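A.B. asks: Input: one structure, supplied below.
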Amino acid sequence: MNALRLVFQSIVFAIKQIFSHKIRSLLTTLGVIIGVSAVLAVVAALSGLRQGILDEFESFGVKRVFIDGTRPRELRNKISWRDVQLTVDEVEAIVDRCPSITEISPIYRVNGAIEYNDMKLEVGATGIWPQWHDIENRQIILGRPFNSIDEAERSSVCVVNDKAVEELLLPTDPIGEIVLIAERRFKIVGVVETIQTSGMFGGGDSSAEVYMPFATAQNLNPDGWVNMAWAQLKSKDYVEDAKAEIRAVLRQMRNLGPNDPDTFDIGVIQQFIDQFERIAAGILAAASGIVGITLLVGGIGIMNIMLVSVSERTREIGLRKSLGARPEIILLQFLIEAIVLCLAGAVVGLLVAQGLVFLITKIPDANMEGAAIPSWAIGVSVGFSAFIGIVFGMFPAIKAARLNPIDALRHE
């Protein structure tokens, strides 16, 4: 009970000291204030950036896999792009022989204008399998998605996005309307929502999109080839399994030897997310280290002002010792004062950081709307500030505790 009363009295006394020397206290804790506010602002900014990027990845679908042909550097003069493009047989083999893949759809581009009445857009069309709808996870706003019958019968039907409805001046409900694609009549059976991606991922203003069944696209452009394939993982935990399975299938089907390079690329969105998480953790660690140095400098300031305080209160210390105060009581009092001073700096730093975070969220086009100070960062900052108070307050406290009461009373 006596110890608690002593701690409470020391805290009250330390707070009184801070308010009785406001300017000196502010200057003393300036290093701690800058350190705490900087580390919290950096953490909040990284948090906002991370959330923004993850949201962008979410819009793509974290389980999505991208497969495309590529020409290895050593084979660029020996093979053409057409030689390495995926075939329909390969795409079918991937979904049949790769248990980590649940859905897949080849992508087939068809060049040509899209026309409706007097409106004409040079956007081309994209041939897809019905599974594309599940992989893309884009809502059908009106009408219906493609089905297996459209694919089997090579139907002249299409799905447009709402941006195409706007740019072609189609009716608000365009289901059943006829458009011309490469001068062939197509019936609109559905409207798919537009996914807007930021400039960070090469996006920008959304544009018109037109989709048709894959077989229809092949029929419309027999000289074309499969541009790429989009697949979907069974789970985001199957990234490495899926890559190994797809690689094994394609290498076998392309008769690649053990020393032959891959003639295809496999990209997994979850893998990009993991890479970003590692980079963000590295940036946070580096920033925290730099800011930690600022806090250490602030701790030196705390130690200096506590030494000054010991010198100013030498007679007081001598008087208390002559009345029976033990050295450990004197040590504890000065140590608590140093900790309270650091914690006061941490509180001011937190308030400054909140102001900085508010400004960060208002930066135009910075994608930082999700910036916020996590509770763990506040706890770490406060805890580290208290630690700084203990480390740099210990020497002045020991000096005060070791003062000889007679010499202290004679101090002028």
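The values are calculated or read from the model by the stated rules, or taken from the named source; none is laboratory data. These numbers come from a predicted model, not from an experiment. A quick note on method: Cβ atoms are made from the backbone with ideal geometry, for glycine too, and the neighbour counts reach across all protein chains shown. Each accessible area value is taken on the protein alone, full model and side chains, heavy atoms only, with ligands, DNA and RNA left out. Shrake-Rupley method; radii C 1.70, N 1.55, O 1.52, S 1.80 Å.
A.B. asks: Any idea of the accessible area per residue across segment 129-246, 1.4 Å probe, to the nearest Å²? Mind dumping the intermediate values first?
C.D. replies: Values: 5680 Å² over 118 residues.
Ligands and nucleic acids excluded, the result is 48 Å² per residue.
A.B. asks: Working from the alpha-carbon coordinates of segment 320-412, get Rg over Rh, Rh being the Kirkwood radius. Mind dumping the intermediate values first?
C.D. replies: Details: Rg = 20.5 Å, Rh = 16.0 Å.
Expressed as Rg/Rh, it is 1.28.
A.B. asks: List, in the order given, every pair from Lys120/Lys187; Lys163/Lys243; Lys187/Lys243 whose Cα-Cα distance in the structure shown is over 28 Å.
C.D. replies: On the way: Lys120/Lys187 16 Å; Lys163/Lys243 35 Å; Lys187/Lys243 38 Å.
Checking Cα-Cα distances, Lys163/Lys243; Lys187/Lys243 exceed 28 Å.
A.B. asks: Measure off 7 Å from each Cα along the Cα-to-Cβ vector at Gln17 and Met394, then give the distance between these two points in nanometres to one decimal.
C.D. replies: If labels sit at Gln17 and Met394, their model points lie 1.8 nm apart.
A.B. asks: I would also like to ask the following. Ranking request for peptides 270-283, 25-38, 332-345, 302-315: highest mean number of other beta-carbon atoms within 10 Å first, then the rest in descending order. Spell out each step's value before the answer.
C.D. replies: Working: 270-283: 13.7, 25-38: 22.4, 332-345: 23.9, 302-315: 17.9.
Top to bottom by mean Cβ count within 10 Å: 332-345, 25-38, 302-315, 270-283.
A.B. asks: Next question, about the same structure. Check cross-link reach from Lys16 to the lysines: straight Cα distance under 26 Å, and skip same-chain residues fewer than eight apart.
C.D. replies: Cα-Cα hits under 26 Å: Lys321, Lys399.
A.B. asks: Compute the Rg to Rh ratio over segment 126-185 from the alpha carbon atoms, using the Kirkwood formula for Rh, and round to two decimal places. Could the numbers behind the result be given before it?
C.D. replies: On the way: Rg = 11.9 Å, Rh = 12.7 Å.
Taking Rg over the Kirkwood Rh, I get 0.94.
A.B. asks: So how much slack lies between Asn219 and Glu122, counting 0.36 nm per residue of separation and subtracting their Cα-Cα distance, in nm? Before the final figure, lay out the partial values.
C.D. replies: Working: separation 97, 0.36 × 97 = 34.92 nm, distance 1.97 nm.
Here the answer is 33.0 nm.
A.B. asks: Give the Rg/Rh ratio for the chain, taking Rg as the radius of gyration of the Cα atoms and Rh as the Kirkwood radius, to two decimals. Mind dumping the intermediate values first?
C.D. replies: Values: Rg = 33.9 Å, Rh = 27.0 Å.
Here the Rg-to-Rh quotient is 1.26.
A.B. asks: Enumerate the lysines that Lys236 could reach by cross-link, defined here as Cα to Cα under 30 Å, with residues fewer than 8 away along the same chain left out.
C.D. replies: Lys63
A.B. asks: Next up: Give the distance, in whole Å, between the Cα centre of segment 151-166 and the Cα centre of segment 282-317.
C.D. replies: 67
A.B. asks: Along the Cα→Cβ direction, 7 angstrom out, place labels at Ser322 and Arg109. What is the inter-label distance in nm?
C.D. replies: Roughly 9.3 nm, to one decimal.
A.B. asks: Over all Cα pairs of segment 162-317, how is the pair count split among 5 Å bins, expressed in % and running from 0 up to the last occupied bin?
C.D. replies: Distribution as computed: 1, 6, 8, 9, 10, 11, 10, 9, 7, 5, 4, 4, 3, 3, 3, 3, 2, 2, 1, 0, 0 percent.
A.B. asks: Could you work out how much longer the chain between Arg184 and Arg71 gets when fully extended? Use 0.36 nm per residue separation minus the Cα distance between them, nm to one decimal. Walk me through the numbers before you get to the answer.
C.D. replies: Working: separation 113, 0.36 × 113 = 40.68 nm, distance 3.45 nm.
The Arg184-Arg71 span can extend by a further 37.2 nm.
A.B. asks: Convex hull over the Cα atoms of segment 36-195, averaged projected area in nm²? Walk me through the numbers on the way to the answer.
C.D. replies: Numbers: hull surface 60.9 nm².
The orientation-averaged projected area of the Cα hull of segment 36-195 comes to 15.2 nm².
A.B. asks: Sticking with this one: What is the packing order of peptides 237-247, 8-18, taking the mean over residues of other C-beta atoms within 10 Å and listing the highest first?
C.D. replies: Numbers: 237-247: 18.1, 8-18: 14.8.
Packing order, densest peptide first, comes out as 237-247, 8-18.
A.B. asks: Just for the chain, what percent of DSSP beta bridges are antiparallel, to the closest 5?
C.D. replies: Values: 32 of 40 bridges.
Roughly 80 percent of the beta bridges in the chain run antiparallel, per DSSP.
A.B. asks: Using a Förster distance of 30 angstrom, determine the FRET efficiency expected from the C-beta separation of Ile283 and Leu307, and round it to 0.05.
C.D. replies: Details: r = 37 Å, r/R0 = 1.23.
My answer for the efficiency is 0.20.
A.B. asks: Please determine, in degrees from 0 to 90 and to the nearest 10, the orientation of helix 269-312 with respect to the longest principal axis defined by the Cα atoms of the chain, where the helix direction is its Cα long axis.
C.D. replies: It is inclined by approximately 10 degrees.
A.B. asks: Rg and Dmax of segment 1-107, Cα atoms, in Å?
C.D. replies: Cα radius of gyration and Dmax of segment 1-107 are 31.4, 88 Å respectively.
A.B. asks: Excluding residues on the same chain fewer than 8 positions from Lys78, give the aspartates and glutamates whose Cα lies under 14 Å from its Cα.
C.D. replies: The qualifying aspartates and glutamates are Asp260.
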